[in-house]
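Below: the structure, in structure tokens.
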Amino acid sequence: MNEQSIESLVRGILKDMNNGASPAASENPVSSGAATVADYPIAKNHPDWIKTKTGKTLDDITLENVLNGSLTPDDLKITPRILKAQGEIATSAGRKTIANNFDRASELTAVPDTRVLEMYNALRPYRSSKQELLDIASELETKYDAKISAAYVREAAAHYEKRKKLKGDN
């Protein structure tokens, strides 16, 4: 099977998944208003809203571009704006918890991947002292303006202290 056949197959599958709609750009760009349930799925209804961190569009993400090396992992990273739009859709559907998760994820796009993994490991039981967790929360809040995530880490520190899950408690 050649590259063109594979790409054609992938696009056909995507079209079927989107109920027959092709992934062509819609006429309405991201507006200043909140996204609603009517905008879901964004890839189908507003593919022009989707741009990666490096500015790539859905049309740029092709097997040909993967094979020729013109796509890098950074070209596939989601932007805070799309995560926020997904959160707005969740809010309009009455799914506040999911909306909060999208808001938190949106904040974390500013944090380098390696640092996110370090923070994740630090949040595992018995891995960090309370002060180390509070330092992570402070870093999230001050360096990355990730206030929701900082609050979660502070909450984890309090729970770990109460439940004896901090470094040295085991």
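In whole percent, how big is the carbon plus sulfur part of the accessible area of region 20-170, probe 1.4 Å, protein atoms only? Walk me through the numbers before you get to the answer.
Details: 4920 of 9010 Å².
Reported share for carbon and sulfur atoms: 55 percent.
Determine ³J(HN,Hα), in whole Hz, for all residues of region 77-92 in sequence, where each value follows from phi through the Karplus function 6.51 cos²θ - 1.76 cosθ + 1.60 and θ = phi - 60°; x replaces Gly and Pro.
Values per residue, Gly and Pro as x: 7, 6, 9, x, 4, 5, 5, 5, 4, 4, x, 5, 5, 4, 4, 5 Hz.
Computed FRET efficiency, Cβ-Cβ of LEU67 and LYS147, R0 30 Å: what is it to the nearest 0.05? Working shown, then result.
Values: r = 41 Å, r/R0 = 1.37.
The calculated FRET efficiency here is 0.15.
Pull out the extension gain between TYR126 and ASN100, defined as 0.36 nm times the separation in residues minus the alpha carbon to alpha carbon distance; nm, one decimal. Show your work: numbers first, answer last.
Details: separation 26, 0.36 × 26 = 9.36 nm, distance 2.68 nm.
Here the segment from TYR126 to ASN100 would lengthen by 6.7 nm.
Once phi is turned into ³J(HN,Hα) by the Karplus curve 6.51 cos²θ - 1.76 cosθ + 1.60 with θ = phi - 60°, what whole-Hz value does each residue of region 128-134 show in order, with x for glycine and proline?
For region 128-134, the Karplus curve yields 9, 7, 4, 5, 4, 5, 5 Hz.
Taking the Cβ of SER106 as the centre, find all other residues whose Cβ is under 13 Å away and add up their charges (Lys, Arg: +1; Asp, Glu: -1). If you can, show how the numbers build up before the last one.
Values: positive: LYS53, LYS77, ARG81, LYS84, ARG104, LYS147; negative: GLU88, ASP103, GLU107, ASP145.
Its environment carries a net charge of +2.
Over 22 Å between Cα atoms: which of LYS130/LYS162; LYS44/LYS84; LYS96/LYS167 fall into that group? Don't jump to the answer; show the numbers that get you there.
Details: LYS130/LYS162 11 Å; LYS44/LYS84 17 Å; LYS96/LYS167 33 Å.
As for pairs spanning more than 22 Å Cα to Cα, those are LYS96/LYS167.
Through the Karplus equation 6.51 cos²θ - 1.76 cosθ + 1.60, θ set to phi - 60°, convert the phi angles of region 52-57 into ³J(HN,Hα) values in whole Hz; use x for Gly and Pro.
Values, residue by residue: 7, 4, 9, x, 5, 9 Hz.
The values are calculated or read from the model by the stated rules, or taken from the named source; none is laboratory data. Bear in mind that the values here come from a model prediction, so they are computed numbers and not experimental data. In this analysis, Cβ positions are derived from the backbone assuming ideal geometry, glycine residues included, and neighbour counts consider all displayed protein chains. Please note that ligands, DNA and RNA were not included when accessible areas were found on the heavy atoms of the full protein model with its side chains. Shrake-Rupley method; radii C 1.70, N 1.55, O 1.52, S 1.80 Å.
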